[in-house]
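Contents: one structure, followed by commentary.
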Amino acid sequence: MTKRSRRTLDQDDPLCCCEYIDRHGGRSHMAACCCDCEDLDEACDRWMKKESQNPGSLSRVVATISDRLRVPWISGARQVDLSLIPPLILLPVFLHIAALHYLLGIVVLTAVPIMVIWYYYFTHRKKGRTLFFLSLALFSLFYMFYLFITEIVPHGDVNHLQLCAVTAGVALTVISLIITKRGPGYVRPCPSDTHSTVTYHKPPPDVDAAYLNGEQHQVVIANRAGPPEQTDESGTAQESVQRRNWCTVCKVVRPPRAGHCRICGVCILRLDHHCVWINSCVGQANHPSFLLMLVFFLLTSLYGISLVLRNVCPHQSVMTALLYCPDVYKQYSSALCFTCAWYSSLVTGGLLHLLILQLINVSFNVTEREARLAVREKTGRRRLWGLVVHTGAYSRGFWSNWTEFITMSKASELSNHKTSDLV
């Protein structure tokens with residue numbers, strides 16, 4: 001294969017819908033996806049000759065494939081993350097296999113959660129970002145809604161009001177997710193600590209894309225290499241607090257309750273946790289909308305499951321139909337709907353547990369990160385059979401805690417300004 005000539009990107013020369021900047025910094029086109037494949041050619045040649053692969057050759061092949069897997073877009077071809085694809089293929093395949101026989105259903109519905117949990121701990125241990133869980137969550141929602149429209153509604157047992165209720169629940173869940181994805185609230189550098197600003201036209205891979213807000217990546221050079229120091233004796237306590245809250249990665253002094261996310265690579269205001277299901281942190285700015293998203297999803301899921309079970313098991317009550325539904329596997333469509341109801345029940349059970357923990361933590365005004373630190377440092381007290389770790393540091397009573405939680409996102413919006421990073 002002939003090598004194509006690379007030319008650097010001229011900032012005044014816009015990209016067409018099929019052009020993009022590859023991982024080497026050169027300008028490329030989607031039509032040239034099979035050109036200049038030295039890494040793939042070398043790996044195939046070694047495989048055909050039964051020779052051992054060079055160190056890192058497979059990772060370079062995967063990186064090349066991931067870089068060239070793109071879709072046309074207005075401002076240039078957008079890259080498609082490889083982790084988006086497996087849920088789109090595996091979920092329908094597994095559910096259709098589980099609908100063939102109840103024994104296959106037991107095996108599949110047991111294996112799928114185990115594989116998801118294993119992949120979660122695999123990626124969480126490496127502190128890597130992945131769109132697998134977000135893709136699985138969104139595709140599960142839309143695929144269940146699609147089966148509801150195509151398999152349950154045509155039977156005539158669902159009236160227009162019930163259909164509108166399910167549709168509105170799905171829409172509200174997606175809208176809440178979009179609001180949650182706007183950003184958790186980032187710790188910004190103090191203007192007095194700014195020395196100069198350097199602009200990069202391509203963001204680094206270890207920084208959350210939402211942190212950039214669609215803008216060019218601006219790196220602010222700090223005046224100090226460490227936390228600000230106090231020279232007088234009265235500032236000794238404040239200096240100690242600043243040193244303890246100093247982030248060595250972002251080079252900023254974190255305010256109280258803020259934390260650095262090693263997955264997103266930025267500091268988050270009132271960091272609760274990094275949620276893989278939305279591929280973002282949950283912090284001060286999006287925690288209320290995250291909680292609202294869970295509520296909308298659970299209500300929609302529970303109502304949809306009840307409608308499906310009433311349709312496929314009309315002679316059983318909703319509470320017993322999930323455990324005992326005779327003759328449901330005689331028709332494949334009914335078996336598929338019953339299997340999807342079981343899959344939705346597993347997902348709903350997991351998110352219901354998450355919602356209960358979130359509600360308890362908000363009531364005690366403690367974040368998940370603070371609870372983990374309190375358990376590690378043995379500074380908190382376990383309550384409610386260990387469901388919550390009460391630190392006692394920020395709790396002001398039930399109503400005051402919920403008032404602070406509901407209004408804290410507005411305070412984050414007032415303090416938010418132009419995107420930048422302090423190094």
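The values are calculated or read from the model by the stated rules, or taken from the named source; none is laboratory data. What you see is a predicted model, and the numbers here were worked out from it, not measured in a lab. Cβ placement follows ideal geometry from the backbone for every residue including glycine, while neighbour counts extend to all protein chains displayed. Surface accessibility is based on the protein's heavy atoms, side chains included, excluding ligands, DNA and RNA. Shrake-Rupley method; radii C 1.70, N 1.55, O 1.52, S 1.80 Å.
See the values below:
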quantity	calculated
By accessible area with a 1.4 Å probe, ligands and nucleic acids excluded, highest first: order of ASP81, ASP327	ASP327, ASP81
Pair TRP246, LYS330: separation of 7 Å Cα→Cβ label points (nm)	7.5
Accessible surface, 1.4 Å probe, highest first, among residues ARG129, ARG188, ARG381, ARG182	ARG182, ARG381, ARG129, ARG188
Accessible-area ranking of TRP47, TRP402, largest first, probe 1.4 Å	TRP47, TRP402
Two-site FRET efficiency, ILE117 against ARG78, from Cβ-Cβ distance with R₀ of 35 Å, rounded to 0.05	0.70
FRET efficiency, 1/(1 + (r/R0)^6) with R0 41 Å, evaluated for THR320 and ALA393 via beta carbons	0.35
Extension gain (nm, one decimal) between VAL174 and THR407, 0.36 nm per residue minus Cα-Cα	81.7 nm
Pairwise Cα inverse-distance average, inverted: Kirkwood Rh of region 296-397 (Å)	16.1
Simple spin-label estimate for ARG372 and ARG262 in nanometres, 7 Å along Cα-Cβ	0.9
Where labels lie 7 Å past Cα in the beta-carbon direction, separation of LYS126 and VAL71 in nm	2.4
Amide proton proximity set for TYR186, modelled H, under 5 Å, gap of 5+	LEU269
